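Here the structure is laid out as C-alpha coordinates; the discussion comes afterwards.
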Amino acid sequence: MSIPSRCARGSTLLEAVIAAALLATVLTGMIPLVTTAVAGAAASRADLVAAQLARQRLAQLQSLTHATLPSGVVVDDGSRLDDEEVFASGGRGLEVTGLAPVQAPIESWADWLDDRGTWLASGAQRPPGARYGRRWGIVSAGTEGCLRLWVEAAPLDPSIGDRVFRAASLQCPWGAEAP
(Lines give C-alpha, C1' and ligand atoms only; values in the text may rest on other atoms or scores of the structure.)
Protein backbone atom coordinates (compact mmCIF):
# COMPACT_ATOMS: atom_id res chain seq x y z
CA MET A 1 0.00 0.00 0.00
CA SER A 2 1.51 3.27 -1.03
CA ILE A 3 1.16 6.62 0.70
CA PRO A 4 -0.37 9.32 -1.54
CA SER A 5 1.95 12.09 -2.49
CA ARG A 6 1.41 15.66 -1.30
CA CYS A 7 0.36 16.72 -4.78
CA ALA A 8 -2.40 14.10 -4.93
CA ARG A 9 -3.69 15.09 -1.48
CA GLY A 10 -3.75 18.77 -2.52
CA SER A 11 -5.66 18.09 -5.72
CA THR A 12 -8.29 16.08 -3.78
CA LEU A 13 -8.77 19.03 -1.43
CA LEU A 14 -9.05 21.41 -4.40
CA GLU A 15 -11.67 19.14 -6.03
CA ALA A 16 -13.70 19.09 -2.78
CA VAL A 17 -13.61 22.91 -2.51
CA ILE A 18 -14.70 23.33 -6.15
CA ALA A 19 -17.53 20.79 -5.68
CA ALA A 20 -18.73 22.60 -2.55
CA ALA A 21 -18.68 25.96 -4.37
CA LEU A 22 -20.68 24.52 -7.29
CA LEU A 23 -23.20 22.99 -4.90
CA ALA A 24 -23.59 26.29 -3.02
CA THR A 25 -24.10 28.17 -6.32
CA VAL A 26 -26.79 25.74 -7.48
CA LEU A 27 -28.60 25.77 -4.11
CA THR A 28 -28.49 29.57 -3.98
CA GLY A 29 -30.14 29.69 -7.39
CA MET A 30 -32.88 27.32 -6.23
CA ILE A 31 -33.90 29.32 -3.13
CA PRO A 32 -36.09 31.80 -5.09
CA LEU A 33 -37.78 28.86 -6.85
CA VAL A 34 -38.61 27.16 -3.56
CA THR A 35 -39.83 30.42 -2.02
CA THR A 36 -42.09 31.08 -5.00
CA ALA A 37 -43.45 27.53 -4.91
CA VAL A 38 -44.26 27.76 -1.19
CA ALA A 39 -45.97 31.15 -1.62
CA GLY A 40 -47.93 29.83 -4.60
CA ALA A 41 -49.08 26.79 -2.66
CA ALA A 42 -50.26 28.99 0.24
CA ALA A 43 -52.15 31.30 -2.13
CA SER A 44 -53.75 28.33 -3.90
CA ARG A 45 -54.91 26.87 -0.61
CA ALA A 46 -56.37 30.22 0.48
CA ASP A 47 -58.14 30.56 -2.88
CA LEU A 48 -59.60 27.08 -2.60
CA VAL A 49 -60.86 27.64 0.95
CA ALA A 50 -62.37 31.06 0.07
CA ALA A 51 -64.15 29.66 -2.99
CA GLN A 52 -65.51 26.78 -0.91
CA LEU A 53 -66.71 29.17 1.82
CA ALA A 54 -68.60 31.23 -0.78
CA ARG A 55 -70.22 28.12 -2.28
CA GLN A 56 -71.07 26.83 1.21
CA ARG A 57 -72.95 30.01 2.18
CA LEU A 58 -74.77 30.06 -1.17
CA ALA A 59 -75.93 26.46 -0.59
CA GLN A 60 -77.14 27.43 2.88
CA LEU A 61 -79.10 30.36 1.46
CA GLN A 62 -80.59 28.13 -1.23
CA SER A 63 -81.74 25.63 1.39
CA LEU A 64 -83.92 28.18 3.22
CA THR A 65 -87.68 27.95 2.66
CA HIS A 66 -88.80 29.76 -0.47
CA ALA A 67 -92.02 28.38 -1.92
CA THR A 68 -95.18 29.38 -3.73
CA LEU A 69 -98.36 28.35 -1.93
CA PRO A 70 -101.98 29.16 -2.78
CA SER A 71 -101.77 31.91 -0.16
CA GLY A 72 -98.69 33.44 -1.85
CA VAL A 73 -94.91 33.20 -1.66
CA VAL A 74 -93.53 31.90 1.64
CA VAL A 75 -89.98 33.01 2.45
CA ASP A 76 -87.87 32.07 5.46
CA ASP A 77 -87.31 35.35 7.25
CA GLY A 78 -86.32 33.95 10.63
CA SER A 79 -83.21 31.79 10.14
CA ARG A 80 -79.90 33.10 11.29
CA LEU A 81 -76.87 32.27 9.15
CA ASP A 82 -74.37 34.58 10.85
CA ASP A 83 -73.94 32.37 13.89
CA GLU A 84 -71.81 29.40 14.89
CA GLU A 85 -74.91 27.23 14.70
CA VAL A 86 -76.15 27.51 11.14
CA PHE A 87 -79.93 27.91 10.75
CA ALA A 88 -80.42 29.15 14.30
CA SER A 89 -83.57 31.18 14.87
CA GLY A 90 -83.59 34.93 15.35
CA GLY A 91 -82.08 35.95 12.06
CA ARG A 92 -83.21 37.56 8.86
CA GLY A 93 -83.28 34.53 6.57
CA LEU A 94 -83.93 35.54 2.97
CA GLU A 95 -84.81 39.16 3.73
CA VAL A 96 -84.07 41.35 0.70
CA THR A 97 -80.98 43.47 1.41
CA GLY A 98 -79.86 45.00 -1.85
CA LEU A 99 -76.13 45.06 -2.55
CA ALA A 100 -75.03 47.08 0.50
CA PRO A 101 -74.00 44.00 2.58
CA VAL A 102 -71.82 42.75 -0.28
CA GLN A 103 -70.02 46.07 -0.61
CA ALA A 104 -69.07 46.33 3.09
CA PRO A 105 -69.53 44.06 6.12
CA ILE A 106 -72.86 44.75 7.81
CA GLU A 107 -74.24 43.11 10.96
CA SER A 108 -76.30 39.96 10.16
CA TRP A 109 -74.86 39.75 6.64
CA ALA A 110 -71.17 39.11 7.31
CA ASP A 111 -69.12 36.58 9.21
CA TRP A 112 -65.48 35.86 9.91
CA LEU A 113 -63.73 32.50 9.77
CA ASP A 114 -60.37 31.06 10.80
CA ASP A 115 -57.77 29.46 8.53
CA ARG A 116 -59.74 26.19 8.45
CA GLY A 117 -63.07 27.85 7.63
CA THR A 118 -64.43 27.52 11.17
CA TRP A 119 -66.84 30.29 12.16
CA LEU A 120 -65.40 32.85 14.61
CA ALA A 121 -67.79 35.80 14.73
CA SER A 122 -70.26 37.87 12.76
CA GLY A 123 -70.62 41.57 12.25
CA ALA A 124 -68.77 44.48 10.75
CA GLN A 125 -65.60 44.22 12.87
CA ARG A 126 -62.91 41.68 12.07
CA PRO A 127 -62.08 39.63 15.20
CA PRO A 128 -58.56 38.48 16.12
CA GLY A 129 -57.61 35.26 14.35
CA ALA A 130 -59.91 35.80 11.36
CA ARG A 131 -58.34 34.62 8.11
CA TYR A 132 -61.41 34.83 5.85
CA GLY A 133 -64.28 37.26 5.58
CA ARG A 134 -67.61 36.39 4.04
CA ARG A 135 -70.53 38.68 3.08
CA TRP A 136 -73.83 37.96 1.42
CA GLY A 137 -76.78 39.84 0.09
CA ILE A 138 -80.19 39.16 -1.38
CA VAL A 139 -81.58 41.23 -4.21
CA SER A 140 -85.19 41.01 -5.37
CA ALA A 141 -85.38 39.95 -9.00
CA GLY A 142 -88.87 41.41 -9.20
CA THR A 143 -90.43 38.50 -11.08
CA GLU A 144 -92.65 35.91 -9.39
CA GLY A 145 -90.86 36.31 -6.05
CA CYS A 146 -87.46 35.33 -7.41
CA LEU A 147 -84.35 36.40 -5.51
CA ARG A 148 -80.75 36.90 -6.57
CA LEU A 149 -78.43 35.44 -3.96
CA TRP A 150 -74.92 36.88 -3.87
CA VAL A 151 -72.02 35.71 -1.69
CA GLU A 152 -68.43 36.94 -1.50
CA ALA A 153 -65.59 35.35 0.45
CA ALA A 154 -62.03 36.62 0.64
CA PRO A 155 -58.79 35.58 2.31
CA LEU A 156 -57.57 38.35 4.61
CA ASP A 157 -53.82 37.65 4.44
CA PRO A 158 -52.14 40.66 2.76
CA SER A 159 -49.34 38.46 1.40
CA ILE A 160 -51.88 36.62 -0.76
CA GLY A 161 -53.17 39.76 -2.42
CA ASP A 162 -56.60 41.20 -2.97
CA ARG A 163 -58.73 38.25 -4.04
CA VAL A 164 -62.50 37.90 -3.76
CA PHE A 165 -64.46 34.79 -4.64
CA ARG A 166 -68.10 35.10 -5.59
CA ALA A 167 -70.98 32.70 -5.77
CA ALA A 168 -74.38 33.78 -7.08
CA SER A 169 -77.67 32.24 -7.99
CA LEU A 170 -81.20 33.10 -9.04
CA GLN A 171 -83.54 31.52 -6.50
CA CYS A 172 -87.18 31.30 -7.52
CA PRO A 173 -89.80 29.96 -5.14
CA TRP A 174 -90.44 26.29 -5.35
CA GLY A 175 -93.42 25.90 -7.66
CA ALA A 176 -92.64 29.02 -9.73
CA GLU A 177 -90.93 29.09 -13.10
CA ALA A 178 -87.63 30.92 -13.48
CA PRO A 179 -87.80 33.88 -15.87
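The values are calculated or read from the model by the stated rules, or taken from the named source; none is laboratory data. Remember, predicted model here, so these are calculated numbers, not experimental data. Backbone-built Cβ (ideal geometry, glycine too); neighbour counts: all protein chains shown. SASA here: full protein model, heavy atoms, side chains in, ligands and nucleic acids out. Shrake-Rupley method; radii C 1.70, N 1.55, O 1.52, S 1.80 Å.
Using the structure shown, decide if S71 is at pLDDT below 85, under 24 Å from C146 (Cα atoms) and of a type in the set (G, A, S).
Values: at pLDDT below 85: yes; under 24 Å from C146 (Cα atoms): yes; of a type in the set (G, A, S): yes.
Criteria met by S71.
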Residue under question is G91, and the condition is that it be part of a loop (DSSP other than H, G, I, E, B) and at positive phi; does it hold? no
I'd like the full set of residues that are out of contact with any Ser or Thr (no Cβ under 9 Å at 6 or more places or on another chain) and surrounded by 16 or more Cβ atoms within 10 Å (Cβ to Cβ), limited to segment 33-46. A46
How many residues are open to solvent by 40 Å² or more (accessible area, probe 1.4 Å) and in a loop (DSSP other than H, G, I, E, B) when one looks only at segment 130-158? 7
Restricting attention to segment 89-105, the residues that are buried (at least 18 other Cβ atoms within 10 Å of the Cβ) and hydrophobic (A, V, I, L, M, F, W, C) number exactly 2
Positions within segment 68-88 being touching a strand residue (DSSP E or B) at 6+ places or on another chain (Cβ under 8 Å) and loosely packed, with under 14 Cβ neighbours inside 10 Å, in sequence order: E84, A88
Among the residues of segment 47-65 satisfying the criterion of being touching an Asp or Glu at 6+ places or on another chain (Cβ under 7 Å) and outside any helix (DSSP H, G or I), which is most open to solvent (accessible area, probe 1.4 Å)? T65
